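Here the structure is laid out as structure tokens; the discussion comes afterwards.
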Amino acid sequence: MLPALQDVLLSGGDDRQLLDAGGRSRYGCPPCPDPTLVALGSSTASVISVPGYAAAGALHARCNTLLRRQPAAAVYASEAGRVRDALVALCGWPDTGAVLGASGTDLHLLAGHWLQPDCVVMIDGAETGSGLPAALRGHHYSSCAAHSTLVPAGAPLSDWQPALVMLSPRTTDGRLRDPEQVDADCVAAVTQAAEAGQRVLLVLTDLSKTGLLVPGRATVLALQQRWPALVTVLVDACQFRLSATSVRDYLACGFLVALTGSKFAGGPTFCGVLLVPGVLAERYRNRRLSAALGAYSCAADWPAQWHCGQSLPVSTNFGLLLRWQAALPGLQQFHRLPAAQVSALLTTFGRAVQARIASDPLLEALPVASLSRADAGWDSLQTVFPFLLRHADGSYFTAVQTRAVHRALMHGEHRYQLGQAVACGERDGRPVMALRLCASAPMVNAGAAGTSMTEDVLAALEVIAAHRRTVEAVG
């Protein structure tokens, strides 16, 4: 029998799931619904919804019934296959395979060890997950893993340790670099490695912490087509801020796509999936995986017909399973909405946020480049809005002060969850951080049902102003 529902939901991840004295993770998320929290921070994490919690509870009960007459591994394998099929049906492409993972970081670690490139090219670590550079270098990025209580953080998992090249999309003061120059840096790095005969894993980030798509799709596709035997592309779409059409476009290009249900999609933290196009599945399905990956994955997380998964332990991760079950209903509801309606709702939301930030001299929007996609759908719109806080004298809030405002928003009569403060260079000779207001699929679902998407975000900006004055007063 499984432990209690909340205990299962908190299992099978890493130390980011640990709860503080208030019963919340480092992202401010409890293991149960929190209807009094206004969730505007989906670029970092999302809180499990009431319908999602009910869906997880129903699966929890069904699994307990099945476990009375079947081995745990058989129950998990069957239910994991059902979840994979649902995700592929939602936004897949013919012959697409799916690999489940506890987090976006885990997906990158699994993909790296599976493909074994000589060189990895990715966006700067400040714009992506803090553990991603370590994971893509073949190292343990945390002190615990989904299938292991303790792992040696920072130590290599195996002999595979590729070279790592990181691209900087912003200048040292947080302003945008010319996207063409960033793409040129990418071309130079990949060209140097490929001309030396090295196999390259090129990570296309869609989207970064501050809403950037780097490097450009056309640049990445040209590099892959120039060196089809040496360059493999992994799309880091772990925020899931892209349409099913865009996912299919990436898969049709032969790109791997990493997604999670725990940000834009509105599911609980720590549920990920790696979509694998048929051309890559055919190439790598029989490659044996390192035994060290048993700390992060099990055989049933991979398609049963792929021999590579058979080199992993026959074990279970019911926490991962239940978290995906909680994410699916809202995600499926969102994907049923007409694209024109989604675009209209997000356009209204974006204009309101931008106008409010622009009207306040003590807020400064961090620039975000326009999104260029093969199809100009709703995911071409900005849905992450980073901004800096300023003092009355025009100077910028320090990183410590910005974090203080972020924490203060989670407490009080009206509570708001924003995206975690993210480092964005220096201003006035001191490091600064940006806060982030974000749209999400649950917000759009509610907007489609008649709820205002802008009321809460405008109220949050008023509360931010109040907290800013408090922080300013105490220094």
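The values are calculated or read from the model by the stated rules, or taken from the named source; none is laboratory data. Since the model is a prediction, treat every value here as computed from it, not as a measurement. Virtual Cβ from ideal backbone geometry, glycine too; neighbours counted across all protein chains shown. These area figures cover heavy atoms from the full protein model, side chains too; ligands, DNA and RNA do not enter into them. Shrake-Rupley method; radii C 1.70, N 1.55, O 1.52, S 1.80 Å.
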Open item on the list: Quick check on the range 148-164. Is at least one of its residues open to solvent by less than 20 Å² (accessible area, probe 1.4 Å) and within 22 Å of the chain's Cα centre (by Cα)?
Closed with: no
- [ ] Go through the residues of the range 43-63 one by one and say whether even a single one is aromatic (Phe, Trp, Tyr) and crowded, with 24+ Cβ neighbours inside 10 Å.
- [x] no
Open item on the list: Let me spell it out: the conditions are (1) under 22 Å from the mean Cα position of the chain (by Cα); (2) more than 25 Å from residue 217 (Cα to Cα); (3) among the acidic types (Asp, Glu), and residue 124 meets all of them except one. Which number is the exception?
Closed with: (2)
- [ ] Among what's in the range 342-383 and is open to solvent by less than 50 Å² (accessible area, probe 1.4 Å) and either among the small types (Gly, Ala, Ser) or in a strand (DSSP E or B) (or both), pick the residue that is farthest from residue 244 (Cα to Cα).
- [x] 363
Task: Condition met for residue 468 (open to solvent by 20 Å² or more (accessible area, probe 1.4 Å) and over 21 Å from the mean Cα position of the chain (by Cα)) - done: no
Task: Residue satisfying all of: in the range 384-397; touching a residue at least 60 places away in the same chain (Cβ under 8 Å) and surrounded by fewer than 20 Cβ atoms within 10 Å (Cβ to Cβ); farthest from residue 468 (Cα to Cα) among these - done: 392
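Under the condition of being closer than 27 Å to residue 43 by Cβ and assigned to a helix (DSSP H, G or I), which residue from the range 208-222 is nearest to the chain's Cα centre (by Cα)? Steps first, please.
Quick first cut of the range 208-222, residues closer than 27 Å to residue 43 by Cβ only: 208-221.
Right, trim to assigned to a helix (DSSP H, G or I) and you get 217-221.
On the way: 217: 19, 218: 22, 219: 23, 220: 20, 221: 22 Å.
Across the range 208-222, the extreme among qualifying residues is 217.
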- [ ] Scan the range 373-392 for residues that are at pLDDT below 90 and charged (D, E, K, R) and jot them down.
- [x] 373, 375
TODO: Name every residue in the range 405-433 that is open to solvent by 20 Å² or more (accessible area, probe 1.4 Å), over 19 Å from residue 23 (Cβ atoms) and among the small types (Gly, Ala, Ser), in order of residue number.
DONE: 421, 423, 425, 429
TODO: Within the range 434-452, track down each residue that is among the hydrophobic types (A, V, I, L, M, F, W, C), in contact (Cβ under 8 Å) with a residue 12 or more places away in the chain and open to solvent by 20 Å² or more (accessible area, probe 1.4 Å).
DONE: 443, 448
Task: Filter result (modelled with pLDDT under 95 and under 30 Å from residue 314 (Cβ atoms)) within the range 110-131 - done: 129, 131
Open item on the list: Checking the conditions here, which among 273, 257 is without any contact (Cβ under 8 Å) to a residue 60 or more places away in the chain, in a strand (DSSP E or B), on the phi < 0 side of the Ramachandran plot and buried (at least 22 other Cβ atoms within 10 Å of the Cβ)?
Closed with: 257
- [ ] Starting from the range 174-193, keep only residues that are under 25 Å from residue 386 (Cα atoms) and aliphatic (A, V, I, L, M), then list their pairs with residues that are modelled with pLDDT under 95 and surrounded by fewer than 17 Cβ atoms within 10 Å (Cβ to Cβ) whose Cβ atoms are within a distance under 6 Å, requiring at least 6 positions of separation or different chains.
- [x] 176/367
